[in-house]
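Where a number appears in this text, it was derived from the coordinates with a stated rule and is not lab data. In this text, all values refer to a predicted model and were calculated from it rather than measured experimentally. Positions of Cβ are backbone-derived with ideal geometry, glycine not excepted, and every protein chain shown enters the neighbour counts.
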Amino acid sequence: MKKDLQREAGISWASVTKMSKGEVVGTEILMKVCKTLHCDIGDIVEFIEDDNTENND
């Protein structure tokens, strides 16, 4: 449950809310979540390219 993750990872409820909405959170928060869940960053993060960004290649 979200409240268990928040408590065990030692992160704020605001960070949990941001993650559940797909908003930006800091690397430190992600590291705490990975440590708590015993997983790799790629297990909890997905990069989705924004179609509105310019391609400067």
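Structural remarks
- Beta carbons closer than 7 Å, at least 6 apart along the sequence or on distinct chains, pair a first residue in segment 18-34 that is free of Cβ contacts under 8 Å to residues at least 24 places away in the same chain with a second that is of a type in the set (Val, Ile, Thr) and assigned to a helix (DSSP H, G or I) for LEU30/ILE41; LEU30/ILE44; CYS34/ILE41; CYS34/ILE44.
- Those residues of segment 4-23 which are part of a helix (DSSP H, G or I), touching a helix residue (DSSP H, G or I) at 6+ places or on another chain (Cβ under 8 Å) and not hydroxyl-bearing (Ser, Thr, Tyr), in sequence order: LEU5, GLN6, GLU8, ALA9, TRP13, VAL16, MET19
- Selected residue (only one of THR17, THR27 is loosely packed, with under 10 Cβ neighbours inside 10 Å and of a type in the set (Ser, Thr, Tyr)): THR27
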